[in-house]
1. Here are some conditions: (1) open to solvent by 70 Å² or more (accessible area, probe 1.4 Å); (2) within 9 Å of chain B (Cβ to nearest Cβ); (3) closer than 20 Å to A:Gln62 by Cα. A:Phe104 meets all but one. Which one does it not meet?
2. Just checking, does region A:19-36 include any residue being within 14 Å of chain B (Cβ to nearest Cβ) and without any contact (Cβ under 8 Å) to a residue 12 or more places away in the chain?
3. Is it true that some residue in region B:55-62 is aromatic (Phe, Trp, Tyr) and closer than 22 Å to B:Pro114 by Cβ?
4. Quick one: which strands (runs of 3 or more DSSP E) lie wholly within chain B and hold at least 2 residues that are within 12 Å of another protein chain (Cβ to nearest Cβ) and open to solvent by 10 Å² or more (accessible area, probe 1.4 Å)?
5. Does region A:59-72 hold any residues that are loosely packed, with under 15 Cβ neighbours inside 10 Å and not in a loop (DSSP other than H, G, I, E, B), and which are they?
6. Residue check, A:Leu76 against (1) touching a Lys or Arg at 6+ places or on another chain (Cβ under 6 Å); (2) open to solvent by less than 10 Å² (accessible area, probe 1.4 Å), all met but one. Which one?
7. Identify the single condition in (1) more than 10 Å from chain B (Cβ to nearest Cβ); (2) not in a loop (DSSP other than H, G, I, E, B); (3) not aliphatic (A, V, I, L, M) that A:Tyr49 does not satisfy, given that it satisfies every other one.
Amino acid sequence: SQTIHQWPATLVQPVGSPLSLECTVEGTSNPNLYWYRQAAGRGLQLLFYSVGIGQISSEVPQNLSASRPQDRQFILSSKKLLLSDSGFYLCAWSEGLAGINEQFFGPGTRLTVL
Amino acid sequence: GDSVTQMEGPVTLSEEAFLTINCTYTATGYPSLFWYVQYPGEGLQLLLKATKADDKGSNKGFEATYRKETTSFHLEKGSVQVSDSAVYFCALSDEGQGAQKLVFGQGTRLTINP
């Protein structure tokens, strides 16, 4: 069966510090991968998605970047965090096939920037 | 662009009450529609989905019907339980560049009192 892991579960970082959140998927090959952010009191916003190694699409301009160094690894990064980067970050995957496929979400990382 | 509008919360009900959470959407094509649920401290789980007009998705006593004429996908349950307390997200799919991108509503927090 497939599983998705995210770490860390919680993170408190000062403004201006770097960020690296990692997401890995097991039990599937060539998945589509996604990063979402859920700000306090708001819905989920798609930040990045990837259909293959090294292929990253950004949905909104921001202080963050994403990378996919391996087929089942998706990393969210920042060189200098802003207060507005605080939120709940969710990684998700779906089957990398044509058509409508369910997205499966990881447990999330709660980031607080102080 | 595509968008999803959900009934504003929070919603508080007594156990065994009837539940309706409204969801309407705006889309240029013919998206698939989803309801996701987020239990406290967890990531999102797919609750149900519908892929074409007049389809009814159902799971765990919840139902939603894809109404193209009213561009709606309202979530209903006949008798709610305390364990249904969670945040519910309506979403539509928007395919782009080989990936299925989800557009979420803002979420509705549901609390069921015993």
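The values are calculated or read from the model by the stated rules, or taken from the named source; none is laboratory data. Note that the coordinates shown come from a computational prediction; the quantities given were computed from them, not determined experimentally. When we count neighbours, we look across all protein chains shown, and the Cβ atoms used for this are built from the backbone with ideal geometry, even at glycine. What goes into the accessible areas is simple: the full protein's heavy atoms, side chains included, and nothing from ligands, DNA or RNA. Shrake-Rupley method; radii C 1.70, N 1.55, O 1.52, S 1.80 Å.
1. Just one mismatch for A:Phe104, condition (3).
2. no
3. yes
4. B:3-6, B:44-50, B:86-96, B:99-104
5. If the condition is that a residue be loosely packed, with under 15 Cβ neighbours inside 10 Å and not in a loop (DSSP other than H, G, I, E, B), then A:Pro69, A:Gln70 are the ones that fit.
6. Looking at each condition in turn, A:Leu76 falls short on (1).
7. (1)
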